[in-house]
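Only one structure is covered here, and it is reproduced in the block below.
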Amino acid sequence: MVVDPLYIIGAVAIGGVLIGGGVHFIPVGGAPAAIATATGVGTGTPMLAAGGGMTGLITAAAATTSPLWLVLLAGGAGSALMLGITMLVGNWVYIWGVGCVPSSAKVKYDPITKYEQSKFVTPGTEGHGIPTVCFVSGIIGGLLSGFGGALAYYFLYYGLIGTSGYAIPAGAYVSLGAATLAGTFSLGLFFVNSVIASFNIGGTIEGFHDPKFARLPRGALACIIASAVVGGLGVLLVQGGSF
Amino acid sequence: MANEKGWGPNSVDKRKTLAFGVVGGLAGIYLTPINPIIGPVLAALGAVCAIVWGADAISRVSSYGLGTGVPSIGYMSLAFSLVGALSGVSIAVYLGPHYTWLGPILGFVIAMLVGAIVAGLCLTVLRMKIPILMRCTIELAGAAALSVLGFSAAIAGSYALPNLLHSVIIPGYIALFFILNTMAIQHPFNACLGPNENRTRTLKLAFTTAFMVTGIVGLIAYPFTPAWWVIALVGGIGWYISVSAFIAASKEEAAEVKWTGWWPHDEEEFVQSVKEIKE
C-alpha cells in the first residue's frame with residue numbers, strides 16, 4: 001500500500017482536530033481541582049494528553065496490522081479507558097479521601113442525572129470531583145482523541161513502511177522503526193493539539209455543559225492549521241525514509 | 001525579581017543565553033564525527049547548552065502566566081521540535097549523500113518555523129495576549145530541536161538519519177527524549193517561579209537537570225557507543241557541580257535554613273517542637 005502524501009497531511013489534520021476537539025470534552029480541572037476547589041481531574045491537559053494519548057497509541061499500535069476501523073477503535077478504546085480510569089480513581093480520592101460530593105458550579109442541575117448541584121457546592125469553590133455529566137463528557141473526549149491519534153498513526157505508519165529505510169524486515173510482521181516513529185509522531189500531535197486546546201479554554205473546562213465549550217470552533221480552527229503543518233513534517237519524514 | 005517583562009534586574013541577558021544555546025548546541029552536534037569518544041561527549045554537552053537556553057526562554061514566557069502551567073508550552077514545543085528536527089535530518093537524506101551535513105541546521109530551522117506558525121495561531125486565532133509568546137516559542141522550539149539532536153547524536157555517534165534510525169528511533173529512545181528533554185527544560189522555572197525568582201539560580205537548576213539527563217543518556221547509550229561511560233561520567237560530574245551551586249545559591253537567598261526535625265508522635269511533643277523552633 002502506497003500512501004499519497006496528501007493522505008498523510010489530511011489524516012494528521014483530521015486527527016489533530018479530533019484530538020483538539022476531544023480535549024474540550026475532558027474535565028480538566030488544573031491546580032484548583034488538585035485541592036478540590038474546582039470540578040474536574042486535578043491536573044493539566046499535558047498530563048491527561050500523556051496518559052490518554054500514550055495508552056491510546058499503545059492499543060492502536062497493538063492493532064497495527066489490522067484494518068483501519070479496528071486501529072481507530074483500538075485507539076479510541078485505549079484513550080477512553082485510560083481517561084475513564086483516571087476520572088474514576090480521581091473520584092474515589094475526592095469522595096473518600098477529601099470527603100466532598102462530586103458537583104459542578106457551572107450548571108444548576110446535572111444535564112444527565114437531573115440531580116441538583118448547587119446544594120453540594122461548598123461556598124467559595126467552583127465545585128468538586130467529577131459528576132456524571134463530566135464523566136460522560138470525558139469518555140466522549142477520550143474516544144475522540146483516541147480516534148485522532150490512531151488515524152495519524154495508521155497513515156504515517158503505512159507511509160513509512162513504503163520506504164526502503166523503514167520497510168518491514170524479512171520474516172517480521174511489523175517495522176519497529178516505522179511503528180516507533182509513527183507512535184512518537186502521533187504522541188507529539190497529541191501534545192501540540194491538547195496544549196493549543198488548553199490555551200483556548202484558559203487551562204480548565206468541565207465538559208460539554210461548560211460555557212467555555214462555545215469556544216470549540218476557534219480551537220478547532222487553530223488545531224486544524226497547526227496539525228496540517230505538523231502533517232507536512234510527517235510527509236518530510238516519509239520522503240527521507242528512502243536511503 | 002522578575003518583572004512583568006520577564007527580564008528584571010535579576011534575570012540574565014537573553015542574548016547571552018541565546019548565543020550560548022545556538023553556538024554551543026550546533027557546535028556540539030557538528031563536532032560529533034571528529035572522534036568516537038570525544039565527539040559524542042561534545043554532542044551531549046551541546047544538548048546541555050540548548051537545554052539551558054530553552055529553560056531561560058520558558059522562564060521569560062511563563063513569567064506572564066499562561067493559565068495552563070509552565071509544562072504545557074514545554075511539551076508543545078518539544079512535540080513539534082522533535083518532529084521538525086527529525087524531518088530536517090530526513091530532508092538532508094532525501095537531498096543526497098553530499099548534503100547530510102545540512103540535517104541538523106535544517107531541523108533547527110524547521111522547528112523554529114513551526115514554532116512561529118503555532119505561536120502565530122495562538123496570537124491570532126486564539127487571541128492570546130502575550131506579546132513575547134512569538135519570540136519565546138521560536139526560541140523554545142530551536143532549543144528543543146538542538147537538545148533532541150544533540151542527545152541523539154551522542155548515542156548514535158553521528159547525525160545522519162540511518163545511524164539515528166538504528167540507535168535512537170528503533171530502540172524507542174526518541175520517545176524517551178521527548179519526556180526527558182521536556183522535563184529538563186520546563187522543570188527549572190516550574191520549581192523556582194515566584195516573586196523572588198532569581199534567573200541565575202533558575203539557570204543553575206537548568207544545568208542540574210540537563211546534566212542529569214546527560215547521565216541517563218550516557219547509561220542508555222551503552223549498547224551503541226564506546227563513549228557511553230564518558231558521557232555518563234561527564235553528566236555525573238556536571239550534575240554534582242551544578243547541584244552544589246544551586247543548593248548554595250538557594251541557601252544564600254533564603255532568609256534562614258533550619259532543620260525542623262521529624263514529625264512529632266503526639267500532641268505534647270508537637271507543642272514542644274513548635275516552641276523549640278520559635279526559640
* Return the only residue of A:PHE208, A:PHE155 being assigned to a helix (DSSP H, G or I), more than 9 Å from chain B (Cβ to nearest Cβ) and not basic (Lys, Arg). => A:PHE155
* To do: Report the residue count in segment B:59-73 for those that are facing chain A (nearest Cβ under 8 Å) and assigned to a helix (DSSP H, G or I).
  => 3
* To do: Would you mind finding the one in A:GLY162, A:GLY129, A:GLY142, A:GLY231 that is more than 18 Å from A:VAL41 (Cα to Cα) and buried (at least 24 other Cβ atoms within 10 Å of the Cβ)?
  => A:GLY231
* Run A:ALA170 past the list (1) crowded, with 23+ Cβ neighbours inside 10 Å; (2) away from chain B (no Cβ under 11 Å); (3) hydrophobic (A, V, I, L, M, F, W, C); (4) over 14 Å from the mean Cα position of the chain (by Cα) and report the number of the one that doesn't hold. => (1)
* Is there a residue in segment B:242-258 that is touching a residue at least 24 places away in the same chain (Cβ under 8 Å), hydrophobic (A, V, I, L, M, F, W, C) and in a loop (DSSP other than H, G, I, E, B)? -> no
* To do: For residues that are crowded, with 24+ Cβ neighbours inside 10 Å, under 10 Å from the mean Cα position of the chain (by Cα) and within 21 Å of A:PRO131 (Cβ to Cβ), tally how many sit in segment A:34-57.
  => 3
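Out of B:GLY69, B:GLY74, I need the residue that is under 19 Å from the mean Cα position of the chain (by Cα) and under 22 Å from B:PHE20 (Cα atoms). Which one?
On the way: B:GLY69 fails: under 22 Å from B:PHE20 (Cα atoms).
Result of the check over B:GLY69, B:GLY74: B:GLY74.
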* Asked: In segment B:118-152, which residue that is out of contact with any Cys (no Cβ under 6 Å at 6 or more places or on another chain) and in a loop (DSSP other than H, G, I, E, B) is nearest to B:ALA55 (Cα to Cα)?
  -> B:ILE132
* To do: State which residue pairs qualify: first residue under 16 Å from A:PHE25 (Cα atoms) and in contact (Cβ under 8 Å) with a residue 12 or more places away in the chain and inside segment A:141-165, second residue buried (at least 24 other Cβ atoms within 10 Å of the Cβ) and among the β-branched types (Val, Ile, Thr) in any location, beta carbons under 6 Å apart, and separation of 6 or more residues or different chains.
  => A:GLY141/A:ILE26; A:SER145/A:ILE19; A:GLY148/A:ILE19
* **Answer residue from segment A:1-33, given it is out of contact with any helix residue (DSSP H, G or I) (no Cβ under 7 Å at 6 or more places or on another chain) and away from chain B (no Cβ under 11 Å) and is nearest to A:VAL133 (Cα to Cα) among those** => A:GLY29
* Structure fact -> For segment A:11-32 the number of residues that are modelled with pLDDT of 90 or more and assigned to a helix (DSSP H, G or I) is 15
* Go through segment B:131-170 and give me each residue that's surrounded by 20 or more Cβ atoms within 10 Å (Cβ to Cβ) and farther than 30 Å from B:TRP229 by Cα. => B:LEU133, B:CYS136, B:THR137, B:ILE138, B:GLU139
* From the list A:GLY234, A:GLY188, A:GLY203, A:GLY219, which one is small (Gly, Ala, Ser), free of Cβ contacts under 8 Å to residues at least 60 places away in the same chain and at the interface with chain B (Cβ under 10 Å from one of its Cβ atoms)? -> A:GLY188
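In this structure, does A:ALA61 turn out to be within 12 Å of another protein chain (Cβ to nearest Cβ) and under 20 Å from A:GLY16 (Cα atoms)?
Working: within 12 Å of another protein chain (Cβ to nearest Cβ): yes; under 20 Å from A:GLY16 (Cα atoms): yes.
Yes; evaluated as a whole, the condition is true for this residue.
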* Structure fact -> Scanning segment A:95-114 for residues that are in contact (Cβ under 8 Å) with a residue 12 or more places away in the chain and under 14 Å from A:CYS134 (Cα atoms) gives A:VAL101, A:PRO102, A:SER103, A:SER104, A:ALA105, A:LYS106, A:VAL107, A:ASP110, A:PRO111, A:ILE112, A:THR113
* To do: Taking the residues in segment B:168-209 that are away from every other protein chain (no Cβ under 11 Å) and small (Gly, Ala, Ser) as candidates, determine which candidate is farthest from B:MET76 (Cα to Cα).
  => B:GLY194
* Structure fact -> Given the conditions (1) at pLDDT 95 or above; (2) touching a Leu at 6+ places or on another chain (Cβ under 6 Å); (3) polar (S, T, N, Q), every one holds for B:THR208 apart from (2)
* To do: Residues being within 17 Å of A:GLY188 (Cβ to Cβ), within 8 Å of chain A (Cβ to nearest Cβ) and either without any contact (Cβ under 8 Å) to a residue 24 or more places away in the chain or of a type in the set (Asp, Glu) (or both): count how many of those fall in segment B:84-121.
  => 3
* Scan segment A:64-92 and report the pairs whose first residue is outside any helix (DSSP H, G or I) and surrounded by fewer than 22 Cβ atoms within 10 Å (Cβ to Cβ) and whose second residue is modelled with pLDDT under 95 and of a type in the set (Ser, Thr, Tyr), with Cβ atoms within less than 7 Å and a gap of 6+ or a chain change. => A:THR64/A:TYR157; A:THR65/A:TYR173
* Do we have A:ILE85 as more than 23 Å from A:LEU181 (Cβ to Cβ) and either under 21 Å from the mean Cα position of the chain (by Cα) or acidic (Asp, Glu) (or both) here? -> yes
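The values are calculated or read from the model by the stated rules, or taken from the named source; none is laboratory data. What you are looking at is a predicted structure, and each value in this text was computed from that prediction instead of being measured. Because the Cβ atoms are built from the backbone with ideal geometry, glycine has one as well, and the counts that use them run over all protein chains shown.
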